[in-house]
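Below is one structure, written out as structure tokens, with a few remarks after it.
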Amino acid sequence: MLAAQYIGDKKFTLVAGSQVAPGPGEVRLNVGYVGICGTDMHIYHGVMDARVAPPKVIGHEMSGTVMALGAGVTNVAVGDNVVVRPLDYCGACPACDAGHSHVCHKLKFMGIDSPGAFQSSWTVKARTLHKLPEGMSLKQGALIEPLAVATHDVSRARLKAGEKAVVIGGGPIGQLVALAAKSVGADVMISEVNDVRRQFAKDNGMATVNPITEDIDAVVKAWTNDKGADVVFEVSGVKAAIETMTKIASVRGRIVMVAIHSQKPEVDLFQFFWKELELLGARVYEHADFEQAIALVAQGKVDLDKFISSVTELNNIGTAFASMDNNPAGMKALVSCNGAV
Ligand SMILES: [Zn+2]
Ligand SMILES: [Zn+2]
């Protein structure tokens, strides 16, 4: 049993941990693959140390295989391939009572607030698990979590077939939002400054715009016959996008805030009055979003394999993180926790 502990300042140390036997309602998994996400990169850069409290095993975009069941577990069986929905909620607060446990008042995010998946064995609550269907690889499974972010965003947007949606930001989440939006029959345009990422979007059948070299307002107007976008997904976290999102939205357009803006940006509230806009927050995902993400891949509507930029073994985890720093246009680096690359 091998675990990679983040110890601060872009460093990991490998420790020979011991497997944790599952208690009642828990399951022990052998971890297959773990994706590195933007949040993991923030942790790696040390900006979340106060919350993470290193040394800690991080990682939350994972797939694995059920190895042992604790008492009372009936939703999975030994040998099942699964993914973890990494949310630990209290089940008793007003948000949980209302059925919104993903925004629980006391939400703990597994892999940030509690130990995560960069280890060969992980013991978790059985209620966090979603089964992968026959034929879906563990590598694809590691990308179900970010795809569930995307299906949640599209569901929050109430996006319908025939509508036009603009995704601001063409990183992994933006590209997955675009694919999830396309899967419901919407036309999608991605706004992205990086040439490689714009090409990736084009290859997936998206319209694209470069907001640095083109007048995005004019491009969206031309694309929508002067109407504006029915839905705008703000995924970039860039200040300029806040100005853009209200400008390019149609009358009664919906704007979904996916990005984490740590600074408080100035929002053009006049546009909300003038065009009767709606602003919708979207945080993580719900049970149904994971099931929807798995279904989209199973039905061949989203090809996750093309998102995998590299696969690195757990004992070289530092290399995988460094590669993300050095290749900002890359999509998803996976860490193999089962010895296979
Ligand atoms: Zn993530
Ligand atoms: Zn709660």
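The values are calculated or read from the model by the stated rules, or taken from the named source; none is laboratory data. Nothing here was measured: the structure is a model prediction, and the numbers come from that model. Cβ coordinates were reconstructed from backbone atoms using ideal geometry, including for glycine residues, and neighbour counts include every protein chain displayed. Just so you know, the surface numbers come from the protein's heavy atoms only, side chains and all, with ligands and any DNA or RNA stripped out. Shrake-Rupley method; radii C 1.70, N 1.55, O 1.52, S 1.80 Å.
Assorted remarks:
- Neighbours by Cβ (under 6 Å, 6+ apart or cross-chain): first from region 259-287, hydroxyl-bearing (Ser, Thr, Tyr); second part of a helix (DSSP H, G or I): Tyr285/Ala148; Tyr285/Val149; Tyr285/His152
- When restricted to residues that are without any contact (Cβ under 8 Å) to a residue 24 or more places away in the chain and over 29 Å from Pro54 (Cβ atoms), region 79-92 contains 2.
- Taken together, Ser121, Ser114 contain a single residue that is free of Cβ contacts under 8 Å to residues at least 40 places away in the same chain and either surrounded by fewer than 22 Cβ atoms within 10 Å (Cβ to Cβ) or in contact with a strand residue (DSSP E or B) (Cβ under 9 Å, 6 or more places away or on another chain) (or both), which is Ser114.
- Test: Ala142 is closer than 24 Å to Met331 by Cα, touching a Gly at 6+ places or on another chain (Cβ under 7 Å), small (Gly, Ala, Ser) and within 16 Å of ligand 1 (Cβ to nearest atom): yes
- Count - residues of region 296-338 that are open to solvent by less than 30 Å² (accessible area, probe 1.4 Å) and either more than 13 Å from Leu179 (Cα to Cα) or not in a helix (DSSP H, G or I) (or both): 16
- Condition met for Val311 (more than 17 Å from Lys10 (Cα to Cα), outside the structural domain of Leu179 (by TED's automatic domain parsing) and in contact with a Ser or Thr (Cβ under 7 Å, 6 or more places away or on another chain)): yes
Per-residue answers, yes or no, for (1) under 26 Å from Ala298 (Cα atoms); (2) within 15 Å of ligand 1 (Cβ to nearest atom):
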position	(1), (2)
Val52	no, yes
Gly59	yes, yes
Ala71	no, no
Ala77	yes, no
Arg85	yes, yes
Pro94	no, no
His100	no, no
Leu107	no, yes
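- Residues that are closer than 22 Å to Gly171 by Cβ, open to solvent by 40 Å² or more (accessible area, probe 1.4 Å) and hydrophobic (A, V, I, L, M, F, W, C), drawn from region 213-230: Trp223
- Among residues of region 93-106 that are open to solvent by less than 50 Å² (accessible area, probe 1.4 Å), those with a beta-carbon under 6 Å from a residue that is more than 16 Å from ligand 1 (Cβ to nearest atom) and among the aromatic types (Phe, Trp, Tyr) at least six positions away or on a different chain give the pairs Cys96/Tyr89; Ser101/Tyr89; Cys104/Tyr89.
- All conditions in (1) touching a Lys or Arg at 6+ places or on another chain (Cβ under 9 Å); (2) closer than 15 Å to Arg127 by Cα hold for Leu29, with the sole exception of (1).
- Among the residues of region 231-243, those that are open to solvent by 10 Å² or more (accessible area, probe 1.4 Å) and closer than 22 Å to Arg283 by Cβ comprise Val235, Ser236, Gly237, Val238, Lys239.
- Test: residue in region 77-90 that is open to solvent by 10 Å² or more (accessible area, probe 1.4 Å) and farther than 30 Å from Asp305 by Cα: yes
Here is a yes/no grid of residues against (1) at pLDDT 95 or above; (2) hydroxyl-bearing (Ser, Thr, Tyr):
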residue	(1), (2)
Gly17	no, no
Ala21	yes, no
Pro54	yes, no
Gly99	yes, no
Ser114	yes, yes
Ala117	yes, no
